[in-house]
Structure formats: C-alpha cells, structure tokens
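Each value in this text was obtained by applying a stated rule to the coordinates, not by laboratory testing. Just so it is clear, the model here is predicted, and its values are computed rather than measured. All Cβ positions, glycine included, derive from the backbone under ideal geometry; neighbour counts span all protein chains shown.
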2 protein chains.
Amino acid sequence: MISWKNLDTLSSFSKLNALKNRVNLPEVMAGENGAGRVARYAAPMAQGMQYNYAAKQVDDEILSALAELAKEAQLIEKYRALYNGEVINTGEKRLVLHQLCRGQQGDAVVADGVDKRAFYVSQQEKAAEFANRVHRGEITNAKGEPFTTVVQIGIGGSDLGPRAMYLALENWARQNGCFKMEAKFISNVDPDDAASVLKGIDVSRALFVLVSKSGTTLETLTNESFVKNALKNAGLDASKHMLAVTSETSPLAKSSDYLAAFFMDDYIGGRYSSSSCVGGVVLSLAFGPEVFARFLNGAAEEDALAGNPDIRRNPDLLDALIGVYERNVQGYPATAVLPYSQALSRFPAHLQQLDMESNGKSVNRFGEPVNYVTGPVIFGEPGTNGQHSFYQLLHQGTDIVPLQFVGFRRNQAGMDVEIQGSTSQQKLCANVAAQIMAFACGKYDENPNKNFEGGRPSSIIIGDELTPEALGALLAHFENKVMFQGFIWNVNSFDQEGVQLGKVLAKRVLAHETDGALKAYSDLLDI
Amino acid sequence: MISWKNLDTLSSFSKLNALKNRVNLPEVMAGENGAGRVARYAAPMAQGMQYNYAAKQVDDEILSALAELAKEAQLIEKYRALYNGEVINTGEKRLVLHQLCRGQQGDAVVADGVDKRAFYVSQQEKAAEFANRVHRGEITNAKGEPFTTVVQIGIGGSDLGPRAMYLALENWARQNGCFKMEAKFISNVDPDDAASVLKGIDVSRALFVLVSKSGTTLETLTNESFVKNALKNAGLDASKHMLAVTSETSPLAKSSDYLAAFFMDDYIGGRYSSSSCVGGVVLSLAFGPEVFARFLNGAAEEDALAGNPDIRRNPDLLDALIGVYERNVQGYPATAVLPYSQALSRFPAHLQQLDMESNGKSVNRFGEPVNYVTGPVIFGEPGTNGQHSFYQLLHQGTDIVPLQFVGFRRNQAGMDVEIQGSTSQQKLCANVAAQIMAFACGKYDENPNKNFEGGRPSSIIIGDELTPEALGALLAHFENKVMFQGFIWNVNSFDQEGVQLGKVLAKRVLAHETDGALKAYSDLLDI
C-alpha cells in the first residue's frame, strides 16, 4: 500500500538532517582517496554511460540514509504505480504515461477503452510512414518539389524539448548520413520570432508542424495565422503545408486545414512530450524515423534502470536523492547544468522547464502547504563557454551552487584539429575534469583574491558519444530524476496551475477590462 | 576623498535592514494606490525609455534609506572616479574605461602616454572604414567576389555580448535597409561548434574575426586553427579571410596572418567590451558602422544619466540599490531577466556573464572576506516563452525570485497578424503587464493548488522599439547597475580570478601531469 507523506514527516529525513556538512570535499577528494571515490561512486546508466557522484558531498553513511529515505518514501513503488497507470497527476486526475511512448515496463495500461501503448505506437508508426513518404518524394508541394524544411510551431513543452533534441542530433545526423530536412522552430508570440524564421526559409518547400495538445494555445494559434498569411501571400495552399500534433479531442484533430494530424493525449504533459509525436514528427522528418526510434530505445533503457531499488545501481533515483540532500539539508537554492557539448546548447533550457515547472510548487499533492523548500532554480550553458562567463561566481561567489556536468569522450562531427599537442576534443574533456577538481578541492593562495575554497559539489554524466540512444537516456535520466524528487517532496510534478493566472489577466488586458495598476501598465505599453 | 567600506559597516545599511519585509505588494499594488505607484515609481532612461519599479518591494521610506546608502557609499563619486581614469580595478591595477568607447564624460584620460578616448575612437574609425570598404566591394576574396558572411571567433566576453547584440538588431537591420552581412559565432572548444558553423556557410565568401585581448585564449586559438584548416582545404589563403581584434601588445597585433587588426586594451574588460572593437568590428560589418555608432550613442546617453545623484532620476543606480535591498535585506538568492522581445533571446546569457562574473566574489577589493552575500545567480529567457516554462516556480515555488522585465511597444520586423481581436504585439505586451500584476498581487483561490500568494517583486524597462540606440542604452543600464552594485558590496567587479584555477588544472591534464582523482577523471574521459 502506497502512502504519500510529506518529507518532513519521514524519520529518515531527520536522520539525514543530522548529517549536514558532514563531508569535507577538499579532504575526501584529495590523493588516492579521491581516486577511490571516482571509481566507487559511479552508477551505470544506459548505453554504457555513467553517473559519477564522487565529487558530491556524500559518503557511505549519507548514502545509507538516502537509501533509507528512498525506502521510507516508497519511491520505487510510486514509480511502478506511475508506469502501471495509476492517477499520479491527482490535481488534474490524469495518468502519467510519457514513458509508455518508449516502452512497456509494467502491465498493459488501458484508459478510455484503449491500450495506451498500442495507441502511442500507432501514432509513431503514422509519423514514421508520413516522414518516409516525404523523404521518398511521395508527399511534395503543389509543384511536385520535395519539402526541404520542417518548421515546428509550438511553445513551452512543444518547443524546448524538440528544439533541444534537434540541436543535439543535427551534427550527428549530418555525420552519419541521416540528415533529411532542416528544422526550424517558432514559439514566441512576439511577431519578430515568426518573421525572422520565415525570412530564412523557402516557404514553398516547408512543412509546418502545429503543436498544441488542447488546440487552443494562444501563442501557437497566433503564429499559425502568421504562417498561413505568409503562405497565402506566396500564393500557396496552406492546408498542403501544415500538419497538426494535438489530442484527438482538440479542434485541430479532424480539420481539413492540415495535411495530416498526429495525436498524443492528456496523459503526456507538455514538458514530458519529447518522446511522443510532439518530438516524433519533427525529429522523424528531420532525421528519419529510425533515428527517432533509436532515441526512444535509449530512453526506454534508462527507464528500466530507474526501477532498481538499489540506489547505487539506480542513477536517476540517486541523482534525485542527492539533489534533495543538497536542497533540503545543505540549503542550496540553485543548480547549474553544464554539458561539455555544444550540441547540448539548449538542453539546459529544456531541463529548466522540466524541473522548475514540475517541482516549483508550495503545496503537496493534497493541496496542503509544505514546510520545506521544493524545486531549485535551474540554469546552465554549455562548457567551455560557461567557464568564460558565470563560473567566476560558481568558484568564488558567496553562495554554493551544486553542479551537474555532462561530457562525452568523442565529438559528433568527426572533424578536429590538434594544436599545442592536443585535439579540441581532448581540451574539452580536460577542461571538464579540471573543473570538477577545482570546484571540489579549490586551491589555497595567500592572496585571498586568488584563493579557492573548494567544497563546491558536482556530478558528471560521462558517455562515449552523443548518439540518439545516449540522448534518449540522458533525457529519461533527468525526467526520472525530477519525478523522484517530486515523490520525495510529495508534490504533484505533473500539473502547472502556476501558469494560469497570467493567462487570465492577459485576456483581461486585451479585452480592456482592467483598472488600477494593471490598466496603468497597459497604458504604458500602449495596448 | 573616497573611502571604500564594506556594506555592513555603513549605518545606512543597518537602517535598511530594519526595513525588511516592510512592503506588502498585494496591498500596495491594489486599486488606485497601485496605479499611483506605476505613475510615480518610474525613472526616465535614455531614448525615452523608463525603468518602472512600482512592483518592487519599496516605498518612500525604503527609497530614502537607499538614497542615504548611495550617499554614504559615495556611489556617484566612485562612478566619477571610474570615468575620470582612476585605478578602479585594483587587483589587476587597471583603469576601467569601457564607457570611454562611447563618450567622454569627464576629464581626458591619458594612460600609457595616450589619450584613451582618441585611441578608442581611432579604432572605431578604422573598423568603420574597413567595413565600408568591404561593403563597397573594395575588399573582396581572391576571386574578387564580395564577402557575405562574418564569423566572430571568440569566447566569453568576446562572444556573448556581440552575439546578443547581433541577434538584437538583425530583424531591425533587415527592416530598416541596413543589413549588410550575416554574422555567425564560433566560441566553444568543442570541435562540433566550429564544424557546425562552417557547414552552414560558404567559407570562400566569409571573413573571420579572431577576438582575443591577450592573443592567447586557448579556445579561440584552437578554433582559429580549425578555421584555417578549413580555408586551406578549400584552397583559400587564410590570411585574406582573417581579421584580428586584440591588444596592441598581443602576438596577433602585427601578424601577417591577418588582413587587418583592430585594437582594444587592458582597460576594457572582456564582459564590458561590446562597445569596443570586440563588438564594433562584427557589428559594423553586419549592419554598417552607422548602426554601431547609433548603438554607442544610446549607451553614452544612459551613461550620462548614471551620474545623477538623485536616485529617483538615476535608473541604473536605483536598479542597483533595489537589487541590494532584495539580495542583502530580503535575502533572495537569484534574479531572472525576462525580455518580452525575441530579439533579446541571448541578452540574458550576456547579462548572466556580466553580472555573475563581475560580482560573484567573496572578498572585498582589499582581499578581505566579506560577511554578506554578493552577486546573485542570474538567468532568464524571453517572454512569452518563459511563461510556458519556468514561470511555474516563479509564481508558486517556495523561494521568491525577483524579476526584471523588458518590453517594447512596437516590434522590429513590422510584420504582424491580428487574431481574436488583437495583434501579436498587443498580446505580447498584454502578457508582460499581466505577469507583473500576477506576480505582485497573486489571487486567492480556495483550492490551495490554484492559489497565488503574490508578493513577488518585479521591475520593467519599457521602450518604444528595440532600436540600436535603445539597445545601447539597455546594455549601459545593466553595465552601470552591476558597477554600482560592485561599489556597494565593495568588491572589484573588474577582475575574474575565479576562472584561473580551472585553466591551470586543464593544462596539467593535457600534459598528463596528474594523479589522484584528477587522473581518475581524465582516464574516465579517455584523455
């Protein structure tokens, strides 16, 4: 029997609290002891990757307490309940099934009279078939010319994830002979966004993928109008250039405005939808359906690891637990995600949404205020770029910011250059190794301005190369981490009531139904 | 006589501390009182813009205390000392002269036997003349074809600022007939970065601008080699495609490897160098030197406002003071920058560097540890995108994150579409107005999951349109804000000793001179 309890009611949490500031990183990471930690504090991930947490402020005793917490909070049982189709999103009374897009872990999940795995697979097959027909030149523009560009129109979860995934695999696909179509993304209601994208493409050769689960997202419908205008002005029939990704019950589902429609449903939250047709249509068009399938396989492999009750063999769970120790025991307010891979340039922005929208909550799943902090601020940029930017604060600022590095042994494009005795790739990897140690151990200098205190915790995920499978595993790792943290904090990670009020007030402004300060701001902005 | 004192030694700071949690935002922002605040709590900025702080947790008494703090900390005197050429960067014993690139505010600054304003102007003129010759077709590739693309190779301050400025003005330039050349940027030592940029351009028609003050930045030199290889492989003479922006004493300055060299000096820090040739060469090539000159004029206009001792008429100073109240009195650890303008998509990343690298320090300018927190974590994405991403945490998370909005009445590209009775631009502006009020006042709901407590402070900078002048003013505003905060915290905002240790350790890894954990990590990464 699963019971949902607040973190501060768990006895393992009291135990954990007593272990505050227990680990002195400069001390434990020094010398051979440090090397031993690097070897021992590593949890295997999918695709031969590893989550290495040697430079986190943990030791065997803290890990035991975290294991106890995992058990007391029934984290694995809750995970099983989720993938077996319980109503985990209690606020909206919904199942949480994004993982079912990439594999069947538990029992068949039947909802609304449908086997959900079969439904998701059918939509993937439909997207694959459609993409193959486009690539074979069976679906073309009115002149019979092939489509060369796919433009995703979506915002939030319909944008950040798919965009980050596209950028992550673009170089890889070019290098591996599976680059089919260039992808672009329009998201912002700022008309300059769409204008800018349209200026850079040949609209007569473009397919537009309109993504909105409800079919009512204001930004997306506005940008659809913008694009339809542009198609019309170019003398084109918009309905021959537009696809819809939506739910079966949305107004877009059966409309003749679209060349084809692909479906997800209410059991896949926007920020968890990269594995569904929200990511699948654009990525299958860009790189071919086989690449998207490989991405899903990597994710499924990681999902399977997340079911292991042994926290040391469960990288997703362990990352979540250590994050809670850092947030609720050590008291750190933010976390930085720092991939040493230019291909992951927008991955932190996606994780920022995933994490902050899921766990930025002040009430538990029963609507009661919690007495502890929940989701931290998440930010990040790729390394080595960040080293020349905000790392100063990370090294010498007054607050400690836990870090999450990602690094790969090989680059994607297969082009490199050797100068000063090493390749670019070696320099990249040397930098991330160096940073971990600089943050952990610091270095004494008698000039306090040049002194590094160290004691700044980090982990690193290491893989061979950012392949489609590795990307899927990486995405699943963070999705699962966020899920486990939501379980620990006892919040509903799958709703987002905090975005509603702004929408309501914006409508009021547009209807000129305002007074007081809201009217004053509206006047200032000439609305 | 200026005296540099720690914040916690100032009597005005004690007074300010006594004013913690004084302002109840939902209360003061309600009804006509709120409208009154919007009218009254607005400081004029350059170019007819305004800094509106009605929704910040301040009132007349707090503003008085902040004015006292400004006076006691001698902020205006310190600013004057800076632009008159005192050694403000004491750690590195350097003047701080980036403002001199855009105007002469005080006495002539003579250093190293040179009038510095004249020197910076001469470099601008050289860049302008060079750009004009490229645009007139007088400088071409070996075949006599015009150059169509400019690629900046730089990292950190040589990348983030110029890149953000380019993106900010690209649409504007296209719309206003001054788009001359497309610009691209290579920064990361990850070879996939350069590979990706080179795949997207015709190298035979590209000019590359190598930017490194010292001429020794590892990433930049590595990417130079990468690009030179590519030029060589294309049968091109690299020296006819490469420009250098560097200091006169660097190894790049007089090298025949470059078609031309443009100079800055040690008195312009990387993150403050957008106004120098670091931004000037690439932006003059992209948009023409007149556009860059207009950008500088806007910045100079804002710099002039920053000298006003009346804090209510000095938006840069006021923003700094309110930020310190939020950080050191209210105790907020992070700040989000949220421009409602897609053109400013990378502006937050630039400010992240500007702010965190400048003020992420734990020792004062004399090298003594400070007993208070300094620079916060800075992050942000453009609105309305962020609304569908991390705003959930900002509205309902357990920590309060102060917000800095930016909005413009008009878009840049001049293309728009009306649906549901309003244009995209109106929707964009309605959203930012709505967000300010949603954050400030919240809204009670008996369902705690849908309840908004409010009390989340924000400010907004409002302008007519993001023109070159407005962009210059915006940049100067934040540069000056960061400068004033550095003065208040008594830190040196112009050095970055925190980036050194990582470089040293990375070299050691590449030389295979490691042991312990560093060797273990290096082995894991196959270095």
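Near residue B:332, within a Cβ-to-Cβ distance under 13 Å, what is the net charge of the other residues, with Lys and Arg +1 and Asp and Glu -1? Around residue B:332, the surrounding residues sum to +1.
Along the positive direction of the dipole of the protein assembly as shown (beta-carbon charges: Lys, Arg +1; Asp, Glu -1; about the Cα centre), which of A:521, B:300, A:233 reaches farthest? Of the candidates, A:233 comes out farthest on the positive side.
Taking the DSSP beta bridges with both ends in the protein assembly as shown, the antiparallel portion is around 30 percent. Derived scalar couplings between HN and Hα for the stretch B:82-89 equal 4, 6, 8, x, 6, 7, 7, 7 Hz in order, rounded to whole Hz, by the Karplus curve 6.51 cos²θ - 1.76 cosθ + 1.60 (θ = phi - 60°), x for Gly and Pro. Neighbours of residue B:363 by Cβ distance under 12 Å: Lys/Arg scored +1, Asp/Glu scored -1, total -2. Under 5 Å between amide hydrogens, built in the peptide plane, is the criterion, and for residue A:151 it picks out A:184, A:207, A:208, A:209 among residues at least 5 positions away or on other chains. Please compute P(r) over all alpha-carbon pairs of chain B, binned at 10 Å starting from zero, and give each bin as a whole-number percent. Going out from 0 Å in 10 Å bins, chain B shows 4, 18, 27, 25, 17, 7, 1, 0 percent.
The string of couplings for the stretch A:441-454 from the Karplus curve (6.51, -1.76, 1.60, θ = phi - 60°) is 9, x, 6, 6, 9, 5, 7, x, 5, 9, 7, 10, 6, x Hz, one whole number per residue in order, with x for Gly and Pro. A cut-off of 5 Å between modelled amide H atoms, ignoring neighbours fewer than 5 places along the same chain, links residue A:111 with A:116.
DSSP loop (so not H, G, I, E, B), at most 12 other Cβ within 10 Å: list which GluC sites (Glu not before Pro) in the stretch A:405-491 pass both filters.
A:446
Over the protein assembly as shown, what number does the Rg to Rh ratio reach, with both radii from the alpha-carbon atoms and Rh per Kirkwood? For the protein assembly as shown, the value is 0.94. Across the stretch A:507-514, rounded Karplus estimates of 3J(HN,Hα) from the backbone phi angles (6.51 cos²θ - 1.76 cosθ + 1.60, θ = phi - 60°) give 4, 5, 4, 5, 8, 6, 10, 10 Hz, Gly and Pro being marked x.
Is the shape of the stretch B:98-296 rounded, prolate or oblate, going by the alpha carbon gyration tensor and its root eigenvalues a ≥ b ≥ c, with a/c under 1.5 for rounded and a/b larger than b/c for prolate? Prolate, because a/c is 1.5 or more and a/b exceeds b/c. Between residue A:215 and A:247, the built amide H atoms are under 5 Å apart, and every one of these is 5 or more places off in sequence or on another chain.
Which trypsin sites (Lys or Arg not before Pro) does the stretch A:107-183 hold that lie in a coil by DSSP with at most 15 other beta carbons within 10 Å? Provide the component values of the computation, followed by the final result.
Values: sites: A:116, A:117, A:126, A:133, A:136, A:143, A:163, A:174, A:180; in loops: A:136, A:143, A:180.
Listed in order of number, the matching sites are A:136, A:143.
When the Cα convex hull of the stretch A:293-378 is projected onto planes of every orientation, the mean area is 7.4 nm².
In the structure shown, the pairs A:93/A:254; A:240/B:427; B:5/B:78 are assessed against 23 Å; a Cα-Cα span above that value is assigned to A:93/A:254; A:240/B:427.
Calculated [222 nm] ellipticity per residue, helices only, for the protein assembly as shown: -13000 deg cm²/dmol; basis is -39500 (n - 2.57) per DSSP H run with n ≥ 4, divided by all residues, nearest 500. Here is the P(r) of the stretch A:345-496: all C-alpha pair distances, binned every 5 Å from 0, give 2, 8, 14, 17, 16, 15, 12, 8, 4, 2, 1, 0 in whole percents.
Relative to one another, the C-alpha centroids of the stretch A:365-418 and the stretch A:222-283 are positioned 33 Å apart.
The eigenvalues of the Cα gyration tensor, multiplied by 5 and square-rooted, give the stretch A:1-127 an equivalent ellipsoid with semi-axes of 38, 22, 10 Å from largest to smallest.
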